[in-house]
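**Student:** Quick one: the structure is below, and I'll ask about it shortly.
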Amino acid sequence: MCLKRKPYKVEGYYGRAGYLTYREGEKTMRIDAERIANGKEVIFDFDIRWEPPHHEEAISEEKRQEIIANLKRERRSLEIWDRNRRRIG
């Protein structure tokens with residue numbers, strides 16, 4: 001059986017300040033995350049952007065949705081919130 005490698009990697013780090021790291025090829029994102037009382041992980045939709053040296057590269061809405069889907073696939077307890085701390089995904 002041949003297993004196909006995913007083109008991305010997701011890791012989470014929690015301590016005083018939590019974040020998720022999303023890697024796709026040479027590009028990396030560090031997305032601030034919170035673990036809330038019900039065990040869910042929360043990220044904010046406006047925080048999705050590449051780290052330097054790719055930080056000036058625009059992320060299309062289609063790509064943004066693909067990244068969110070990949071994050072949710074790997075982190076089943078993940079919720080996406082907007083700037084007003086309302087759940088949007």
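None of the figures in this text is laboratory data; all of them are computed from the coordinates on show. This one's a predicted model, so the numbers in the text were calculated from it and none came from an experiment. Here Cβ is always computed from backbone atoms with ideal geometry, including for glycine, and neighbour counts include all displayed protein chains.
**Student:** Pairs of Cα atoms under 8 Å, at least six residues apart: use those to get the relative contact order of the chain, whole percent. Spell out each step's value before the answer.
**Tutor:** On the way: 127 pairs, mean separation 18.8, N = 89.
Result for the chain is 21 percent.
**Student:** So, one more: Could you give the length gained on full extension between Ala37 and Arg49, defined as 0.36 nm per residue of separation minus the Cα-Cα distance, in nm? Walk me through the numbers on the way to the answer.
**Tutor:** Working: separation 12, 0.36 × 12 = 4.32 nm, distance 2.66 nm.
Additional length available on full extension: 1.7 nm.
**Student:** Name the longest site-free stretch of the chain, where the excluded sites are trypsin sites (Lys or Arg not before Pro) in a DSSP loop with no more than 13 other beta-carbon atoms within 10 Å. Before the final figure, lay out each step's value.
**Tutor:** On the way: sites that count: Lys4, Arg5, Arg16, Arg76, Arg83, Arg85, Arg86.
After excluding every exposed loop site, the longest remaining stretch is 17-75.
**Student:** Counting other Cβ atoms within 10 Å of each Cβ, which GluC sites (Glu not before Pro) in the range 13-89 have at most 12 and sit in a DSSP loop?
**Tutor:** Values: sites: Glu24, Glu26, Glu34, Glu41, Glu56, Glu57, Glu61, Glu62, Glu66, Glu74, Glu79; in loops: Glu26, Glu56, Glu57.
Sparse-neighbourhood loop GluC sites (Glu not before Pro): Glu26, Glu56, Glu57.
**Student:** Return the label of the correct value of volume of the Cα convex hull per residue in Å³, as calculated from the structure shown, out of (i) 177; (ii) 92; (iii) 126.
**Tutor:** Here volume of the Cα convex hull per residue in Å³ agrees with entry (iii).
**Student:** Suppose R0 equals 22 Å; then what is the FRET efficiency for Thr28 and Asp82 from their Cβ-Cβ distance, rounded to the nearest 0.05? If you can, show how the numbers build up before the last one.
**Tutor:** On the way: r = 24 Å, r/R0 = 1.07.
Working from the Cβ atoms, E equals 0.40.
**Student:** Turning to a different aspect of this structure: With both bridge residues required to lie in the chain, what share of the DSSP beta bridges run antiparallel, to the nearest 5%?
**Tutor:** Working: 16 of 20 bridges.
Percentage antiparallel, nearest 5: 80.
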